[in-house]
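Notes follow once the structure below has been shown.
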Amino acid sequence: MTATNLKQSTEYVKPKMNWAKLEESENFANTVKLYRQGKIDPDNFRRFRLQHGAYGTRMTDDYAMVRIKIPAGEIYPNQLERIAHLSEAFSIGNAHVSTRQNIQLHWVVLEDVSEIMRGLAEVGLTSREACGNTVRNVMCSPLAGVCSEEAFDATPYAFATARFLLRNPMNQNLPRKFKFNFTCCEKHGMARITDVGLIPQTRDLDGKTQRGFKVFLGGGLGNKSFVGHQLEDFTPEEDILYTSIAVLRIFDRLGNRKNMARNRMRYLVDEMGWENFQNLVLKERMVVRATQSVIVKLEVDNTPKEIKRPIRITDTDGRSPPDGYSRWLKTTTFKQKQARFRAVFLTLESGDMTANQLRSLAKICSEFSAEGFARNGFSQDIVLRWVAEDDLPRLYSRLLEVGLANPGSLTMASPVGCSGTTSCNLALTNSHRLAKEIQRKFLELNLDEDQTLHDATIKISGCPNSCGQHEIATIGFYGGGGRVGKDMYPVYQLSLGGRADGEAMLGVNCLRVPAKRIIPIILKIIELFKKNKKQDDTLASWIHRIVKGNENSEIKSVNDFKKILEPLTIPPTKEQDKDFYADYGSDSSYHTKTGKGECAA
Amino acid sequence: MSREKTLRTTIDADSLRSELRDNSVRVIDVRREEDYKQSHIPNAANLPLANLLADDSPDKVLKTAQSFGIDDETPVVVYDDTFGALASRVAWTLQYIGHEDVSLLDVTYGQWKSLGLENDTKIPSFGKKDHSLNLHPDILATADYLEKAKEKENVILVDNRERLNYLEQHIPGAINIPYRTLASADKILRPKDELKRLLQNRNVKSDAEVITYCGSVGTLSGLAYYALKSVDHPNVKLYVRSFKEWKNLNRPIVKQENADYWDLSAE
Ligand code: SF4
């Protein structure tokens, strides 16, 4: 093979947007001092801290978690390098990629948070409004712009929305947190399980193609979960901002500020009834349209992205790609609508990356992605898009060197696990580690290569809150405590058949499974599937039929599942199996311990 | 120690180059012998950290210094390729036996080379010189000293290991400033104003007595020692035997309980 090594520029592509405000760092440092001196009361400080993107940490006031917003998920090489450095200097030398396109630094000394803010500001990033009762990070499908099913690229709209709302006074003290999700198409995204979900669509108007969105309102996961309602058939692009403002104003005015358990917008929609809520939004939008000055316009930058990178940087020297390449290719890459390019989904474990991996990734994405930056996705993952197919073998080798070449990111073998007892105050179980254990087992058994499992998902939360999104998983779990006499053991509620696509529904509760029996139970479910599946079934489609009551094999209902699985969940005595009574990542006996929650606050 | 205040803690590459030209400085390379042999800063002596640690008794260190042609007045500059931590440990040891004028090169050897600065493979020889022995116990903390001192007000104990190690176990009362906090992108220590701000945020008052420690031999905490010195902290001590000794002595240890932070690591 001939070498076509085009000269690589070492210059990184520069971030398009600057989300930062440097003053906020100093202000934060000063406020922490006043708080420590007792000059600010804890509640006010807490509100301030959350508004600036710093969460509390499990069982301590000394540490915080800093949530860095990555609007629309676009993250640039210099930003990755900066986060690497900040994680070593002020955190645990690792960063965590979340399910909402944030990157989180855990176990940060509260007094150091301002230094992280400063370091972020220097590369255009912010943690502002990443927590608290604000509009959180505006998400956009990592495939926007490259998905063959999409009507158009939603990214510029996500950016414009994020820019309009960030630090906007209307968004500083809502009844509760508020989330916007833009997607590319029905399949790839979460438009129906969020406060405002938007899917691009077009229509013909007087011979011209008009851009617009399907807008879904009032969906969301939580102690009680709901699927969003579509506002109208077609919301033209010029109405997106008016609609968003209208919805926020209604929520601000009518949302429940008293009852913490019912203060997300979905409860307001539920209480009012969809039709009343819908009418109110449409009316409010007219008012907004009439009263907002002309300047308030979504500033969408639709200039096409520069794809300036070399098409081929590969020189394979005639060597065949390293072992594992075809498995990796099959289970982590996505064919873009642009011929000969792929999007590569890096397989992480529960979204964790070391500082060194972040640094390597900065170089790798600059070299291999024709757009020169990365995106983070919805499943605790990082996506490199615009990789020329010819370059994939070499990319694989490079990822292999830094431990980022595991297969399975686009399969059931990559479970999502929230932070659980690694850092969250409300956690009852170590959901984070459990996700890693399942992943390792699945890869060991080559289950990522099983085509019939591809579209199923496993998602795990460490308590009934749904940060791990268990309710939209084919197989979902949330943590709790079980008991035999005086002895406690970690246990998870299993739910089946959740999904977030066009047929979005929440998983149906099945039974409680002890933590140390989860892997055998999942394998048992797969075994039952293999035995009973129809020709073209996937695990997801089979379970979907069961939860809908449309299956006619041995297992017709969730209850039938329960009967078969129940014997596997019977606790042994402590003498028989001590390990059963310890959670993953711990060798001492399990006991529940929680502090004051902020995920639910 | 007011007399130290006038002395520099670090020296930049250009100043060192001009002092090298004047032949007015002794440079010590603390990397391994095989790395040193490949190339080093011209006329540098080699004192691999491992050799120093094998016997860091004052007599032995004194003999080594003398064999490098260092007398009481010779300015000494130390460098490594390990973000300054190994160099710090050697520099501190020289100060401990009473050598006043020691500083750290403010870049690593790797950075020195990537700046395209001169290097050499020639192994220099030095005429032996006389050096007096004048121990400085005021920059050393022992376990016993630390045990008593940490109860006092205005004494701050700083653990310079990585955060996860600190969370898992540390000396009661210690605060954690991981060694990675101390460097900037291109220098082994951050600029003074940044270090000052960081310390201020963490409530490390400039008149406090500060004792630094790390995992085992006082390298990472040696760097912290010099970071504090660079911003003129008057009273800094290195607990040179660090956490390893503390544990072996079965002294009290605390941990951050009820959280599985290790499982956040991708390693
Ligand atoms: S609140 Fe519950 S679901 Fe959310 S991160 Fe904490 S343990 Fe996980």
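The values are calculated or read from the model by the stated rules, or taken from the named source; none is laboratory data. In this text the structure is predicted, and so the values were computed from the model without any measurement. Because the Cβ atoms are built from the backbone with ideal geometry, glycine has one as well, and the counts that use them run over all protein chains shown.
Could you tell me whether region A:493-503 includes any residue that is touching a Pro at 6+ places or on another chain (Cβ under 9 Å) and outside the structural domain of residue A:184 (by TED's automatic domain parsing)? Yes, the conditions are met somewhere in region A:493-503. Of all residues in region B:74-113, none satisfies the criterion of being at pLDDT below 95 and either assigned to a strand (DSSP E or B) or over 18 Å from the mean Cα position of the chain (by Cα) (or both). Considering (1) closer than 30 Å to residue A:334 by Cα; (2) buried (at least 24 other Cβ atoms within 10 Å of the Cβ), the lone condition that residue A:423 does not fulfil carries the number (1).
In contact with a strand residue (DSSP E or B) (Cβ under 6 Å, 6 or more places away or on another chain), within 14 Å of chain B (Cβ to nearest Cβ) and within 16 Å of the ligand (Cβ to nearest atom): is that true of residue A:423 in this structure?
So residue A:423 passes the test.
Would you check if residue A:431 is under 21 Å from the mean Cα position of the chain (by Cα), under 19 Å from residue A:515 (Cα atoms) and within 16 Å of the ligand (Cβ to nearest atom)? When the stated conditions are applied, residue A:431 passes them. Please verify whether region B:207-214 includes one or more residues that are more than 13 Å from chain A (Cβ to nearest Cβ), within 29 Å of residue A:424 (Cα to Cα) and buried (at least 24 other Cβ atoms within 10 Å of the Cβ). Taking every residue of region B:207-214 in turn, at least one turns out to be more than 13 Å from chain A (Cβ to nearest Cβ), within 29 Å of residue A:424 (Cα to Cα) and buried (at least 24 other Cβ atoms within 10 Å of the Cβ). For region A:94-110, indicate whether the set of residues that are in contact with an Asp or Glu (Cβ under 6 Å, 6 or more places away or on another chain) and within 20 Å of residue B:178 (Cβ to Cβ) is non-empty. Yes, region A:94-110 has at least one match. Of the residues that make up region B:226-246, is at least one more than 15 Å from the chain's Cα centre (by Cα), within 27 Å of residue A:35 (Cβ to Cβ) and either surrounded by fewer than 21 Cβ atoms within 10 Å (Cβ to Cβ) or among the aromatic types (Phe, Trp, Tyr) (or both)? No, region B:226-246 has no match at all.
Every listed requirement among (1) away from the ligand (no atom under 16 Å from the Cβ); (2) under 26 Å from residue A:104 (Cα atoms) is met by residue A:446 save one, (2).
Taking the listed residues A:475, A:460, A:438, the one that is hydrophobic (A, V, I, L, M, F, W, C), under 17 Å from residue A:509 (Cβ atoms) and away from the ligand (no atom under 15 Å from the Cβ) is A:475, with no other qualifying. The single condition among (1) modelled with pLDDT of 95 or more; (2) exposed (fewer than 14 other Cβ atoms within 10 Å of the Cβ) that residue A:2 does not satisfy is (1).
Somewhere in region A:111-128, is a residue of a type in the set (Gly, Ala, Ser), part of a strand (DSSP E or B) and touching a residue at least 40 places away in the same chain (Cβ under 8 Å)? No: region A:111-128 contains no residue that is of a type in the set (Gly, Ala, Ser), part of a strand (DSSP E or B) and touching a residue at least 40 places away in the same chain (Cβ under 8 Å). Please indicate, with yes or no, whether at least one residue in region A:403-416 is within 16 Å of the ligand (Cβ to nearest atom), within 21 Å of the chain's Cα centre (by Cα), buried (at least 23 other Cβ atoms within 10 Å of the Cβ) and at pLDDT 95 or above. Yes, region A:403-416 contains a residue that is within 16 Å of the ligand (Cβ to nearest atom), within 21 Å of the chain's Cα centre (by Cα), buried (at least 23 other Cβ atoms within 10 Å of the Cβ) and at pLDDT 95 or above. Among the residues of region A:186-207, just one is surrounded by fewer than 24 Cβ atoms within 10 Å (Cβ to Cβ), touching a residue at least 40 places away in the same chain (Cβ under 8 Å), more than 17 Å from residue A:239 (Cα to Cα) and not charged (D, E, K, R), namely A:188. Taking the criterion of being crowded, with 24+ Cβ neighbours inside 10 Å and touching a Pro at 6+ places or on another chain (Cβ under 6 Å), the only residue of region A:366-376 that qualifies is A:375. Condition check for residue A:68 on (1) away from chain B (no Cβ under 14 Å); (2) closer than 26 Å to residue A:371 by Cβ; (3) not in a strand (DSSP E or B): one failure, at (3). I need the full set of residues from region A:389-438 which are farther than 24 Å from residue A:451 by Cα and among the acidic types (Asp, Glu), in order please. Passing the criteria: A:390, A:391, A:401.
A Cβ distance below 7 Å, combined with a sequence gap of six or more or placement on separate chains, defines the contacts here; from region A:565-578, residues that are under 15 Å from residue A:485 (Cα atoms) reach residues that are surrounded by 12 or more Cβ atoms within 10 Å (Cβ to Cβ) and of a type in the set (Asp, Glu) in the pairs A:574/A:487. Where helices (runs of 4 or more DSSP H) sit wholly within region B:114-205, those with at least 2 residues that are more than 27 Å from residue B:265 (Cα to Cα) occupy B:143-149, B:192-201.
Consider region B:123-176 and keep the residues that are closer than 22 Å to residue B:93 by Cβ and within 14 Å of chain A (Cβ to nearest Cβ). The one that is nearest to the chain's Cα centre (by Cα) is B:160. Residues in region A:498-529 that are touching a residue at least 60 places away in the same chain (Cβ under 8 Å) and farther than 30 Å from residue A:488 by Cα were compared, and the one that is surrounded by the fewest Cβ atoms within 10 Å (Cβ to Cβ) is A:502. Being surrounded by fewer than 16 Cβ atoms within 10 Å (Cβ to Cβ) and more than 14 Å from chain B (Cβ to nearest Cβ) narrows it down to one of A:102, A:27, A:44, so name that one. Only one candidate qualifies: A:44. With respect to the conditions (1) farther than 28 Å from residue A:436 by Cβ; (2) away from chain A (no Cβ under 14 Å); (3) without any contact (Cβ under 8 Å) to a residue 60 or more places away in the chain, residue B:227 lacks only one, and its number is (2). Taking residue A:564, is it within 30 Å of the chain's Cα centre (by Cα) and modelled with pLDDT of 95 or more? No. The C-beta contact set for region B:33-59 (first residue in contact (Cβ under 8 Å) with a residue 40 or more places away in the chain and within 9 Å of residue B:122 (Cα to Cα), second residue part of a helix (DSSP H, G or I) and of a type in the set (D, E, K, R), distance under 8 angstrom, 6+ apart or interchain) comprises B:39/B:113.
Here are some residues: A:340, A:327, A:375. Which one is in contact (Cβ under 8 Å) with a residue 24 or more places away in the chain and touching a Lys or Arg at 6+ places or on another chain (Cβ under 9 Å)? None of the other options fit; the residue is A:375. Candidates in region B:22-41 are the residues that are out of contact with any Ser or Thr (no Cβ under 8 Å at 6 or more places or on another chain), not charged (D, E, K, R) and not in a loop (DSSP other than H, G, I, E, B); of these, the one that is farthest from residue B:8 (Cα to Cα) is B:36.
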